[in-house]
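The structure under discussion appears below in the form of structure tokens.
The values are calculated or read from the model by the stated rules, or taken from the named source; none is laboratory data. If you're wondering where the values come from, they're calculated on a predicted model, not measured in any experiment. Reconstructed Cβ throughout: ideal geometry from the backbone, glycine too, with neighbour counts over all protein chains shown.
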Amino acid sequence: MSKLIGILGGTFDPVHYGHLRPALEVMQQAGLDEVRFIPNQLPPHRPQPWLDAATRKELVSLAIADEPGFVLDERELLRDGPSYMVDTLADLRCDFPESTLCLILGSDAFAGFTQWHEWQAILGLCHIIVMTRPGAELASLHSQPASITACISHDARALRNSLHGLILLQSVTPLDISASRIRESLRQGLSVRYLLPDSIYHYLGQYLEGQHAI
Ligand code: ATP
């Protein structure tokens, strides 16, 4: 049987439990063999992340170290300039020709999916798994174009029936955690403990002590 590979792209500025726990639940519930965490480069015209790319990558690596199904994938950071997801998926398809790729998106990210560069091509390269996120309810996804709603499924077993083109809606434990709220709390001098792994909490404490203003 071919492998099912989950792809979780993001800025991870910083990585938090709202990434980790839903990704684990998706992996288990959809029967994925692994989830690859892919920190992104940001286009120059967008606000730059607080943490530089090397630090965001290091934090992801720390956060996933104990979970054998989670893998850090550095490909977007190793490429020059910003990467489009369609290019990243094409690259992954070359590396894993026998596997089925499943792009994992929070429901907030999926709500803007049809504005993504070459989104139709993305559905030609992978399945999409949309995980619920508080504040971006799945009901609104049914107002997407017909070409999208026609692909929607609630049955994870269907992921193994084809290589691409399916959109699986997956409920996960709602965790109303975001990196922007974590950054805001740090700015205000509030603790972010228990919103992210202890290892990340301690790393960020030292990072801030090292004069890295937020
Ligand atoms: P920011 O607040 O800086 O925009 P973020 O917390 O949304 O960041 P990202 O790195 O942008 O984190 O998210 C990467 C992916 O993880 C996206 O698909 C996003 O929808 C998803 N995600 C992030 N937080 C959650 C959460 N709490 N529940 C479900 N999905 C989430």
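Values as computed for the structure displayed
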| read-out | value |
| --- | --- |
| Qualifying positions in region 31-66 - in contact with a strand residue (DSSP E or B) (Cβ under 9 Å, 6 or more places away or on another chain), charged (D, E, K, R) and within 14 Å of the ligand (Cβ to nearest atom) | 36, 56, 57 |
| Residue in region 89-102 that is within 13 Å of the ligand (Cβ to nearest atom), surrounded by 15 or more Cβ atoms within 10 Å (Cβ to Cβ) and modelled with pLDDT of 95 or more present | yes |
| Region 169-196 residues that are closer than 18 Å to residue 15 by Cβ, paired with ones that are aromatic (Phe, Trp, Tyr) (beta carbon under 7 Å, 6 or more apart) | 175/17; 177/17; 183/50; 192/201; 193/201; 195/17; 196/17 |
| Enumerated helices (runs of 4 or more DSSP H) restricted to region 67-134, each holding at least 1 residues that are hydroxyl-bearing (Ser, Thr, Tyr) | 85-95, 107-111 |
| Set 147, 153: member being within 20 Å of residue 104 (Cβ to Cβ), among the polar types (S, T, N, Q) and at pLDDT below 95 | 153 |
| Whichever residue in region 1-24 is more than 10 Å from the ligand (Cβ to nearest atom) and outside any strand (DSSP E or B) and, among such residues, is surrounded by the most Cβ atoms within 10 Å (Cβ to Cβ) | 24 |
| Test: residue in region 135-158 that is in a strand (DSSP E or B) and within 16 Å of the ligand (Cβ to nearest atom) | yes |
